[in-house]
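To start, the structure under review is shown below, and the notes come after it.
The values are calculated or read from the model by the stated rules, or taken from the named source; none is laboratory data. On a predicted model such as this, the values are computed, not experimentally measured, just so you know. Glycine also receives a Cβ, built like all others from the backbone with ideal geometry; neighbour counts cover every protein chain displayed. Protein only, heavy atoms only, side chains kept; ligands, DNA and RNA dropped before computing areas. Shrake-Rupley method; radii C 1.70, N 1.55, O 1.52, S 1.80 Å.
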Amino acid sequence: MSDKAEPTLNETEAAHELQPSGEVTGETVEESVAETLHDIDSIKEELEAATAKADEAHEQLLRTVADMENQKRRQAQELEKARKFALEGFVNELLQVWDSLELGVKASMDEGADVDKLREGSELTLKLLSDAMNKFGVEQIDPREQPFDPEQHQAMTMVPSADIEPNTVIDVFQKGYLLNGRLVRPAMVVVSQGE
């Protein structure tokens, strides 16, 4: 064994010079290593930036999903409230009619009940009911002396008549009703028939 130490890798590389034949010098290896380390650092920085962006996008996605779930829950609650209380305004209007009917029944039980006043009270109650119905889009179908319409009328019977045009409503057994233009109940009618 010789006392002389073995040359290190850097010393060995430094001993070589770049020759026209393509040999590597120590300076070229150090530059290559420095460039590689620089490239690795750049890649690490880009990876960290991309990871931060991905984390931010993931957080934003989670917040959006949570917001959508909250909105869905709120809409379901609002829909449930709408179903429960959709008739509240209509019921409030009908309560006046109910009160008026109760007063009329109570008044009719008195010994000396005045029929004219009872009739007047009944007419006012009917007006209250009519106003409440109209307020909520309920229309009455009273087709007397109009042409028969099978879309809105139900013929209960037909009566031969020489002086009334055929298929004309002569009498109404029961009035029909529309709710916002949609048939709720057809009018039950008597229709004229040619001789």
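May I ask you to give the average projected area over all directions of the convex hull of the Cα atoms of the stretch 137-194, in nm² rounded to one decimal?
Projected over every direction and averaged, the Cα hull of the stretch 137-194 covers 3.4 nm².
DSSP bridge analysis restricted to the stretch 137-194 gives an antiparallel fraction near 65%, rounded to the nearest 5. For the chain, the fraction of C-alpha pairs farther apart than 25 angstrom is 74 percent. Taking amide H as placed 1.01 Å from N in the peptide plane, ASP171 has its amide H under 5 Å from the amide H of VAL190, each at least 5 places away in sequence or on another chain. Counting only protein heavy atoms, what percent of the accessible surface of the chain is carbon or sulfur at a 1.4 Å probe? After summing per-atom areas, the C and S share lands at 55 percent.
What share of the DSSP beta bridges in the chain is antiparallel, in percent to the nearest 5?
Of all bridge pairs located within the chain, approximately 65 percent are antiparallel.
Ordered from longest to shortest, the equivalent ellipsoid semi-axes for the stretch 16-130 are 97, 9, 6 Å, each the square root of 5 times a Cα gyration tensor eigenvalue.
Among LEU95, LEU183, LEU37, the residue with the largest mean-square fluctuation in a Gaussian network model of the chain, with springs joining Cα atoms closer than 10 Å, is LEU37. Residues in the chain average 82 Å² of solvent-accessible surface per residue, probe 1.4 Å, ligands and nucleic acids excluded. Could you tell me whether the stretch 28-85 comes out rounded, prolate or oblate from its Cα gyration tensor? Rule is a ≥ b ≥ c as square roots of the eigenvalues, rounded for a/c under 1.5, then prolate if a/b exceeds b/c, otherwise oblate. Prolate, since a/c reaches 1.5 and a/b exceeds b/c. Dipole size of the chain about its Cα centre, with +1 on Lys/Arg Cβ and -1 on Asp/Glu Cβ: approximately 2300 debye, rounded to the nearest 20. Using R0 = 41 Å, the C-beta based FRET efficiency linking LEU183 and ASP67 works out to 0.45.
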